[in-house]
Structure formats: structure tokens, C-alpha cells
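Notes follow the structure.
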Amino acid sequence: MRIHPRGQGISGKGNKLEEKLLILGIETSCDETAAAVVEDGRYIHSSVIASQVKFHAQYGGIVPEIASRKHIEVINKIVESAIKDAKITIDNIEAIAVTYGPGLAGALLVGVSFAKALAYGKKIPLIPINHLEAHIYAVHLEYSQINLPAIALLVSGGHTEMVLVKELGVYEALGRTKDDAVGEAYDKVAKWLGLGYPGGPIIDQLAKSGNRKAIKFPRAVIKHSKYDFSYSGLKTAVINYTRNAEHPLPVPNGLPLPEKFPLEDIVASFQEAAIDALTSKVMKAVKDTAATSIIIGGGVAANSRLREQLNELTIDTGITLYIPSLVLCTDNAAMIAGLGYHKYNAGKVADMSLGVNPNLKWDE
Ligand code: KG4
Ligand code: ZN
């Protein structure tokens, strides 16, 4: 039987299933209701995700009230499925890890309330998880070793964050968006162009047949902050451009824009500006901090141009690039349960007064 290190002051229920330490993870911070069972912070026994995307699609973005209601409707079933898929019973679970922030307040409340009730009823520990940290942790579920220090880029519909990972649990926030998240910019541009929701995958696909050099959309320069991002200007530039294709937006050599570009060129050019802004800052941070690797996570990590650019920029540099598979890039509960294992072993458990923190930061 393996001996598992225990956090101080934790009254664990002893080894369940003889030698496995199984954590149940619960995630409801945005528009995915997810539950997962993970062993020892590494082996995924089950991971169930119910996406609400179709309920929000008609509004072109996430409606917080709908998100909370949908979480309530399905959470019981999702947790049951995760337990069933793992071929265990709830009594085999050692502790419950749950996202308590950042995210939508009402949505977070559903997961936290559910986890508290279950932990109380089963008399097992409750582990509060920071959603941002869990996204970074996701790579540990697929790579046996992560070279540190790393620059982690978290890019989704709600986040554009860059952080220096010194070691697991020790972070230095470097930069974040000053306005829209990059995924939000994709979604808003797609909505404006009438392409549908979520905009990221649609634009990514359409951009493949466009000329990314057709239009020089602006790359935001943010005064006094070399690592922050800004996306509302880019979004506005695309809107203005399409309102009047002859509008004199900045072009590389100051010449007037040609008459008209096809939609593919517009989205390819938008994408190039959006991704350039990410990769240039990541590479700058790598250089400045002497990081040995790059970790990306969040829905926008699925972007083909982001992956391509980072691959090109890191080739022959000795910098390792860690990109989780798609299902671990987007919101999931395996990353919550996985990180939960380490927090549990470090004694970071909560009592029944745990609340949600919609604006939770890296260092809290
Ligand atoms: O992480 P995620 O599933 O949910 C949260 O926002 O928390 O990310 C969804 C975001 C959406 O804004 C979507 O448009 C964007 O990720 N996205 C993409 C791609 N796939 C999803 N953005 C760019 N390229 C993609 N291939
Ligand atoms: Zn997320």
C-alpha cells in the first residue's frame, strides 16, 4: 500500500480503494458544468462536461442568469455521471475540490454550494480552487514533467493573463488585459460580422483561406506596462473598417487601403493582430525572465495561428512549449481535481464558510 502524504490538520478518511487518492472536482465558473474524478493529481478516471453554449448562442455571448439556471439543472446529474464513469461510489472519494473564483458570481455559487453540501454530508474535506491556477495546472495532467520557470498564458472568453510560474503554487502576475479578453474580441468581431457564436473557432477556420497581411489592424501599445494587453481597440478597428472599407485605417506604408477585401482577409488580418499581440509579449516575458518553457491554456489556446506562431518562435530556442489537448484547454473539472490533490496535501482545505470570489486574483 502506498503512503500518501497528508496535509497538516486534515482529518482524511484514510485510503479509499486501498491505494488511490481520488479527488472529485467540480467546476461551474462560467458556462460549462463539469465534474471529474482524478487520482493522485494525475490520472483522470472520469471527466464530464456539459456545455451551455447553445443556450447562449442566440444572444451572442454568455448571459449570467441563464448560466446559473443551467448549472442548477444539471449539476446533480453531471456529478453522478463522473462518479459512475470512474466506476466508483461517492464513498471512494477522499475530498472535493471546487472552483470558488474567479468567474460569474451566480454560476460559482452553484458549484460551491453543491460541493459544500456534499462534503458536509459525506464528512470529507472541501478544497477551494482558483480557476486561473487550475488552467495552468492542466498541463500536468498530460506531461509527466514541466520545466520551470515557465511563462503561462491564459487566454479565454473571460481571461487574458500572463504569469510567471516559479513553481507549482508560486506565481508572479505579469500582465493582463486592460479591457476585453482576447476570446471576447473574437466573439464580438464574429457577432458584428454575423458569423455566429462562439466566434473563435469560426474565425480561426475562415482565416485559413484569407490573407493575414491584407489589412494592418493595430497592435495595442500600452503605456507604462510592457506585458498588459488590450483588445477593445482592435475590435473597434475591425468594426470601423467594415463600416467603410475605404476608411483610412493605418496601413504599413501609409498608402490608402485598396477598395475592398473579402471577409476571409478581414478575419485573417484581425486574427494576425490578435495573436501577434499575445506571442510578442510572451516571447518578451520569456526573454526578460529567462523562463525555460511556455504553458498555454484556455479556450483560445485552441487557436491554430497561436499554436503555429509559438511553434515557430520557439523552434531551436530550447524553450519547451506545453499545450494541453483541447478538452483540457477549455473549462473542465479534471484540472480542478488535479490541482485539488496538491492543495489537499498542502493542507489547503476550507470549512463550511467558504464563499465565492468572482474577482479572485493569482496571489489570493
Ligand atoms: O475557456 P473557454 O472555453 O471558456 C471561457 O471563456 O472560460 O473559452 C471560450 C473562448 C471563446 O471566446 C471562444 O471564442 C474562444 O475561447 N475560442 C477560440 C478558439 N476556440 C475557442 N478563439 C480563437 N480560436 C479558436 N480556435
Ligand atoms: Zn476557464
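Each value in this text was obtained by applying a stated rule to the coordinates, not by laboratory testing. Remember, it's a predicted structure, so these values are computed and weren't measured experimentally. For neighbour counting, all protein chains shown are included, and Cβ atoms are generated from backbone atoms with ideal geometry for every residue, glycine included.
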**OP:** Name every residue in the range 137-172 that is part of a helix (DSSP H, G or I) and more than 13 Å from ligand 1 (Cβ to nearest atom), in order of residue number.
**Re:** Tyr137, Val139, His140, Leu141
Subject >> Conditions (1) more than 16 Å from ligand 2 (Cβ to nearest atom); (2) closer than 18 Å to Trp362 by Cα: number failed by Thr177 >> reply: (1)
**OP:** Could you tell me which of the residues Ala334, Ala346 is within 16 Å of ligand 2 (Cβ to nearest atom) and either touching a residue at least 12 places away in the same chain (Cβ under 8 Å) or surrounded by 19 or more Cβ atoms within 10 Å (Cβ to Cβ) (or both)?
**Re:** Ala334
**OP:** Return the pairs, sorted by first residue and then second, in which the second residue is more than 7 Å from ligand 1 (Cβ to nearest atom) and assigned to a loop (DSSP other than H, G, I, E, B), the first residue lies in the range 194-215 and is closer than 18 Å to Gly299 by Cα, the beta carbons are less than 6 Å apart, and the residues are 6+ apart or on different chains.
**Re:** Tyr197/Gly60; Ile202/Leu195; Ile202/Gly196
**OP:** With a cut-off of at least 1 residues that are closer than 22 Å to Glu172 by Cα and in contact with a Gly (Cβ under 8 Å, 6 or more places away or on another chain), name the helices (runs of 4 or more DSSP H) lying wholly within the range 260-354.
**Re:** 263-289, 326-329, 334-345
**OP:** Give me the pairs, please: first residue somewhere in the range 154-173 and without any contact (Cβ under 8 Å) to a residue 60 or more places away in the chain, second residue anywhere and more than 10 Å from ligand 1 (Cβ to nearest atom) and not in a strand (DSSP E or B), beta-carbon distance under 7 Å, and either six or more positions apart or on two chains.
**Re:** Lys166/Leu148; Lys166/Pro149; Glu167/Leu148
Original post:
From the list Lys178, Lys226, Lys213, Lys191, which one is more than 27 Å from Asn359 (Cβ to Cβ), basic (Lys, Arg) and out of contact with any Pro (no Cβ under 7 Å at 6 or more places or on another chain)?
Top reply: Lys213
Original post:
What number of residues within the range 119-142 are out of contact with any Ser or Thr (no Cβ under 9 Å at 6 or more places or on another chain), surrounded by fewer than 19 Cβ atoms within 10 Å (Cβ to Cβ) and closer than 25 Å to Arg42 by Cβ?
Top reply: 1
